[in-house]
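One structure is given here, and the rest of the page talks about it.
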Amino acid sequence: MLNQLMNLTLLGINHQSAPIALREKVAFGPEHIGVALTNLKTELNLDEVAILSTCNRTEVIASGASIEPGEIRDWLAKYHGLETQVLIGSDYHFLNEEAVHHLMRVASGLDSMVLGEPQILGQVKAAFAESETASTLGGHLQQIAQATFRTAKKVRTETSIGRHVISAPSTAVNLAKRLFTDISRCNALLIGVNEMIELSAKHLIEAGVKNITIANRTLDHAKPLADQISAQIIELDMLPEQIVDTDIIITATASSQPLITRDTIDDALMRRKHKPIFMVDLAVPRDIDATVATLRDAYLYSLDDLQIMINENLAHRLAAAEQAESVVQASLNQFLTGQRSRNVVDTLVSFRQQIDLLKNSELEKATSRLQAGDPADKVLTRFANQFTQKLTHGPSIEIKKAAAEGELELVAAITKLFNLPGGDES
């Protein structure tokens, strides 16, 4: 194991290990990260620390002498006012090079809820930037961060893992972009307020849609999302009139009965002079009467329709993921090789410095004896004997100790290192 990675610990909770109810309890808002980083570094006496906190994961990356994952878990629970027992079994941890490997996979989108999603790299970069701002980022984590960023970029450029959309909302918006020449000029209607609708809103905005209306049974529940995306809010009984001016409808409610009937869409299409309406029904049971699909200029897609496209794209991403895993492993090996090289250089420098100290100490004594008039041959002989004795004393003790304890690999290494007789013997 590499010396510089011996003190690296990563502890986290994500969408695979814990439900959202627990994940949200250990999440850190942007306004709290700085304080949390300083507190964690001080409380656990860490050298360096970074915190990655997204809607799907919270991970602590720490570097420090003899840090245990349990200590980080205890701190995480205490900081958020939880009992440690709540986190046990829902967290995971990685040490040293496994921690670096995990971080590279995360940044490359290989550990995401949506395989290959691109936003995570920006979130990882932001986490290390926050650490730098809080003065909890040092040379060790800086090297790991840069290697991680390079790896994720390489995965993006050398594989197609991010080129095939595999979420229902993103697939829906991509379909809408195919139907409309300029989607930015479309009016969109989102029905319901939940994760699917929030993702749909995000993808619509990214596509350039500016006019969005949210319809919901309870207006207060829709207000936070509406404020976030600058959308209008209407009640469900206003749907028939709103649909007349709507080009894109995405719905995902928990209603037991369809909210949009065939007659509603038929009437809207006539009033729109058959300007097309694109509809995506992400609800189960369905929010839109299935017979709407038979109307001319009505383009209706159900969750099952989207799933067929998602499965095709997922197959492409899974194939690309295998290639991406190879890229990550190669990058990890390259990073570890670089670390080994740096460690060897540091070791050689220390070795030479130690020899120089011994040499200078004995040389100073020899110079004093010469100045005192001692014969030069005796001074040189004593200098050589003393220097040799001090140079070999420590290693001799360690060789004897290694032999006595059966550490034959160390003895063999020394034999090879100094090209001693018997080095080729088995």
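For Asn39, the test of being modelled with pLDDT of 95 or more, of a type in the set (S, T, N, Q), surrounded by fewer than 20 Cβ atoms within 10 Å (Cβ to Cβ) and touching a helix residue (DSSP H, G or I) at 6+ places or on another chain (Cβ under 8 Å) is passed.
Say whether the condition of being crowded, with 17+ Cβ neighbours inside 10 Å, in contact (Cβ under 8 Å) with a residue 40 or more places away in the chain, assigned to a loop (DSSP other than H, G, I, E, B) and in contact with a Leu (Cβ under 6 Å, 6 or more places away or on another chain) is met by at least one residue in region 290-307. The answer is no; no qualifying residue exists. Criterion first (surrounded by fewer than 20 Cβ atoms within 10 Å (Cβ to Cβ), modelled with pLDDT of 95 or more and more than 14 Å from the chain's Cα centre (by Cα)) does Leu82 satisfy it? Yes: the conditions hold for Leu82. Against the condition within 21 Å of Glu117 (Cβ to Cβ), assigned to a helix (DSSP H, G or I) and not assigned by TED's automatic domain parsing to the domain that holds Leu103, how does Leu314 come out, does it pass? Answer is yes for this residue. Against the test of being charged (D, E, K, R) and either outside the structural domain of Ala176 (by TED's automatic domain parsing) or closer than 22 Å to Gln307 by Cα (or both), the options Asp287, Asp245, Asp220, Asp237 yield a single qualifying residue, Asp287. Summed over region 66-79, the residues that are part of a helix (DSSP H, G or I) and loosely packed, with under 13 Cβ neighbours inside 10 Å give a count of 0. Under the condition of being of a type in the set (S, T, N, Q), surrounded by fewer than 22 Cβ atoms within 10 Å (Cβ to Cβ) and farther than 18 Å from Ala77 by Cβ, the residues counted in region 42-65 number 3.
The values are calculated or read from the model by the stated rules, or taken from the named source; none is laboratory data. Keep in mind it's a predicted model, so treat the numbers as computed, not measured. A quick note on method: Cβ atoms are made from the backbone with ideal geometry, for glycine too, and the neighbour counts reach across all protein chains shown.
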